[in-house]
Each structure stands twice: as structure tokens, then as C-alpha cells.
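Structure, as C-alpha cells:
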Amino acid sequence: MSTVRAISLFSGGLDSICATRLVMEQGIEVIALKFVSPFFGYEALLDQETYCREAKDKYGINVRIIDISEDYLEMLRNPPHGFGKYFNPCIDCKIFMLQRAKELLVEYDASFLITGEVLGQRPMSQRRDTLNVIERDSGSRSILLRPLSAKLMKETEAEVRGLVDREKLLDFSGRGRSRQIALARSYGITDFPAPAGGCILADPILSRRIQRAYNGTFVLKLVDINVHDILLMLVGRQYLFPGGGWFILGRDEKENLRIDELIESGDIRFGIEERPGPVAILRHTKKLYPSAETLKIDILHAARLVARYAKKIEGLPAPGRVLVQDGNNQYEIEAAPLADDLFRDWVI
């Protein structure tokens with residue numbers, strides 16, 4: 001008898017873990033696809049081998065990571081179903097991922113799709129009417145199985161064909177997690193993630209930064225913004241300088257390392273070595289500064305901000321020698337801390 005195979009959309013959250021394992025318990029081979037973008041799951045790309053190994057060790061699930069960043073950024077230009085409270089296109093996000101998963105059915109020799117959606121759990125994307133829209137617009141109505149709420153929904157093709165035993169599926173609904181936790185524990189899974197915000201596009205502060213790139217109020221045109229630019233929007237203190245520059249300044253060691261990872265040609269890096277302090281970059285200077293004189297002024301602003309946020313001396317910001325790296329050109333600026341009232345209006 002040939003192996004029945006399915007594809008699950010795997011976020012790494014409790015619902016997707018339970019839905020995947022519930023179908024696996026019926027002897028079905030499940031390939032769990034973790035789609036990632038700058039807004040969700042991107043950290044898994046940094047060490048894919050470790051992420052997949054831990055998913056297998058903790059949950060018994062085989063995960064494959066797929067980077068959808070470029071196409072996702074394009075989808076954000078005009079999601080047909082609009083946005084939620086912030087810049088979160090929840091309905092079109094799910095449609096987009098289901099369409100991508102559906103395209104992979106033949107490649108993985110899989111018969112149907114699985115998600116961890118629970119009827120009524122999320123107010124925007126998991127109402128019954130919305131779930132129907134997602135099925136319809138992703139073209140997956142007959143092949144999409146939602147195992148945790150399947151008994152509250154119409155039979156899918158996999159159930160009708162006997163690939164899945166409907167009697168072993170569930171009738172979860174609402175926002176509670178107690179039944180999912182009990183189900184996970186029945187599989188011997190106790191180390192499961194706590195509920196979290198998940199998508200950065202639903203964050204009230206960070207989503208506004210991203211929205212500026214899409215509504216034309218940012219220093220870069222949308223056509224010029226790359227994935228690394230989006231990732232930089234999500235870290236550190238952010239400023240738009242009077243001369244037109246974009247400045248990003250790390251708040252801790254982790255952010256300093258992240259900024260260093262995302263530096264590209266045309267960026268100017270700032271740091272301070274005489275005491276603990278931030279790493280910072282003035283981004284895309286060749287694009288954003290037609291005037292060398294204007295750039296020179298903003299380089300000084302940047303150095304003074306680095307001094308402002310370096311470790312204080314006797315409880316107060318202090319001057320410091322700020323190291324500036326502009327391509328192969330390296331030099332120091334003796335910088336006095338910039339007063340807070342001077343840069344308050346520059347904050348993004």
C-alpha cells in the first residue's frame with residue numbers, strides 16, 4: 001500500500017504542532033512547511049539545521065523551511081482583503097501561504113493540506129465566513145483539512161476518500177488552549193511554545209515603520225527597498241535625519257550584532273571602543289545624499305547620537321571618540337552627546 005502524504009503549514013505554535021501530530025497519528029506522513037518572512041519566523045533561517053532538529057526532537061515533526069520574503073513584500077503592496085487593526089494582512093497572508101503550499105503538492109507527492117486553524121480562535125482570520133473565504137481564494141476548498149475543528153466543518157476530499165478517518169478528528173473552537181495543551185501532552189509533548197504575538201505586522205509600533213515604506217512617507221522608495229532594509233526597520237532606535245538620511249542605532253549587544261550582519265555597501269558604520277556603546281549605521285548614503293556637505297553634517301549627528309547612547313559616566317552622557325567606517329575609509333570623531341530635545345523630532 002502506498003504511503004499517504006500531506007503538507008502542513010507549520011508556524012511552530014501549539015495549534016500547528018497539534019494539527020500536524022493529529023494527522024500523523026493516523027499513519028500519514030506529514031511534511032511540515034515553515035514559511036518565513038521578515039515579519040514571522042525569520043530567525044529559523046539563521047540556523048535551519050538546528051531549528052529542524054529541535055522540531056524533530058521536541059515534537060516528532062519533520063520541518064522544511066521556505067523563505068517567502070520577496071514575494072511576501074510584493075503581496076503587501078495591495079492585499080485584496082485589506083489589513084487588520086495595524087498593517088497585518090491576515091486573510092491574504094493565509095491565502096498566500098496556502099497557494100504556495102498547494103503548488104508544492106506534486107513536488108512532495110502529497111494529497112492534501114493541513115493547517116492548525118481553530119474555528120473562532122482569532123477574530124479576523126478564523127471566523128467561519130473568513131475561513132470559507134480563505135479556502136475559496138486559495139483554491140484549496142476540497143483539499144484543505146483543519147484537523148482541530150474538522151468535525152465542525154464540511155468533509156474534505158481526504159475524508160471522503162478515506163485517506164483520513166473523520167472520527168479521529170476533533171471539534172475544537174474558541175480561544176482557549178486547554179484542549180490543545182492536553183492533546184500535546186497525550187503525544188508526550190510538554191515543551192511547547194507559549195502564545196505570542198507572532199507576526200510583527202500586528203505590532204502597533206513596528207508595523208507603522210513598515211507602513212511608511214509602503215505609503216510613500218519613507219526616505220526610500222518602495223522599489224528600492226530590499227529584504228535587509230525591512231529587517232533593519234525592526235531593530236534598534238531609528239531616525240530620519242534633517243539631511244535626508246536613515247540612521248539605525250542598536251540598543252543592546254544582540255541588536256548591535258544584527259546591525260553588523262545587515263550592513264551593505266554604501267552604509268557608514270559607527271561604533272565606540274573606549275566604553276560600551278551602540279553599533280549604528282547611516283544607511284544607503286550613496287542613494288540618499290547627493291550633497292557631500294549634507295552627508296558630512298549628518299555623519300556628525302550620527303556620531304553625537306552614538307556618544308549620547310554609549311555608557312554614561314557618573315550618570316550622565318559623555319563625549320567620546322566615535323569610530324567611523326565608510327567603505328575602506330576609517331577615522332574617528334570626537335563627539336559630544338546630542339541633547340535629547342535636538343533629535344526628538346527625528347525619531348521614527
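The values are calculated or read from the model by the stated rules, or taken from the named source; none is laboratory data. Just so you know, these numbers come straight off a predicted model, no measurement behind them. Cβ coordinates were reconstructed from backbone atoms using ideal geometry, including for glycine residues, and neighbour counts include every protein chain displayed.
From the set of residues in region 145-191 that are aliphatic (A, V, I, L, M) and farther than 17 Å from residue 28 by Cα, which is surrounded by the fewest Cβ atoms within 10 Å (Cβ to Cβ)?
182
Which residue out of 148, 222, 163, 131 is of a type outside the set (S, T, N, Q), over 30 Å from residue 288 (Cα atoms) and in contact with a helix residue (DSSP H, G or I) (Cβ under 7 Å, 6 or more places away or on another chain)?
After ruling out the rest, the residue left standing is 148.
Just checking, which of 337, 290, 276 is more than 23 Å from residue 231 (Cβ to Cβ) and touching a Pro at 6+ places or on another chain (Cβ under 7 Å)?
Just a single option satisfies the conditions, and that option is 337.
Mind checking which strands (runs of 3 or more DSSP E) fall wholly inside region 1-74 and carry at least 2 residues that are modelled with pLDDT of 95 or more, at negative phi and within 18 Å of the chain's Cα centre (by Cα)? First the steps, then the outcome.
Working: elements: 5-9, 29-36, 63-67.
Passing ranges, in order: 29-36, 63-67.
Please go through region 38-75 and give me each residue that is of a type in the set (Val, Ile, Thr) and in contact (Cβ under 8 Å) with a residue 24 or more places away in the chain, ordered by number.
Scanning region 38-75 gives 61, 63, 65, 66, 68.
Based on this model, can you work out whether residue 101 counts as crowded, with 17+ Cβ neighbours inside 10 Å, under 20 Å from the mean Cα position of the chain (by Cα), touching a residue at least 24 places away in the same chain (Cβ under 8 Å) and part of a strand (DSSP E or B)?
It is false that residue 101 is crowded, with 17+ Cβ neighbours inside 10 Å, under 20 Å from the mean Cα position of the chain (by Cα), touching a residue at least 24 places away in the same chain (Cβ under 8 Å) and part of a strand (DSSP E or B).
For residue 142, work out the one condition from (1) within 20 Å of residue 9 (Cβ to Cβ); (2) buried (at least 18 other Cβ atoms within 10 Å of the Cβ) it doesn't fulfil.
(2)
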